[in-house]
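The values are calculated or read from the model by the stated rules, or taken from the named source; none is laboratory data. As the structure is a prediction and not an experimental result, all values here were calculated from the model. In this analysis, Cβ positions are derived from the backbone assuming ideal geometry, glycine residues included, and neighbour counts consider all displayed protein chains. Ligands, DNA and RNA are excluded from the accessible area calculation, which covers all protein heavy atoms including side chains. Shrake-Rupley method; radii C 1.70, N 1.55, O 1.52, S 1.80 Å.
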Amino acid sequence: LYIVGTPIGNLNDISARAINILKNVSSVACEDTRQTKKIMNKFAISNKLISFNKHNSLNKIPRMIEEMKMGKSIALVSDAGMPGICDPGEDIVRAAKLSLQKALQA
């Protein structure tokens, strides 16, 4: 699970590392696919977008955890800024951490 910060204003403020991650993960979980699509189009990134927001996060988290267990990588982005603070990103990070702890204990 990659937590990827996105520009708050100018799309050109995105880091090269963020672009690289968005290009190379299995899928991108985003708050609003329309907003993330703007970044994807600007930097010619064609990757699978998954809608992940406060309305669907409880249904999506178990599937995302299973995908990561199968070796897939997911980038988490919000509309602008760093995901995971007072948004569903906080929940997926917590679930991924618990899943990893259980795996390490087994």
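What to note about this one:
- Per the conditions (1) exposed (fewer than 12 other Cβ atoms within 10 Å of the Cβ); (2) at negative phi; (3) at pLDDT 95 or above; (4) not in a helix (DSSP H, G or I), the sole criterion not satisfied by Ala44 is (2).
- Region 26-36 - residue that is part of a loop (DSSP other than H, G, I, E, B) and at pLDDT below 95 and, of those, least open to solvent (accessible area, probe 1.4 Å): Asp32
- Some residue of region 52-68 being within 13 Å of Val4 (Cβ to Cβ) and either open to solvent by less than 70 Å² (accessible area, probe 1.4 Å) or within 12 Å of the chain's Cα centre (by Cα) (or both): yes
- Here region 1-25 is the region considered, the condition is being among the small types (Gly, Ala, Ser) and exposed (fewer than 15 other Cβ atoms within 10 Å of the Cβ), and the residue that is farthest from Val93 (Cα to Cα) is Gly9.
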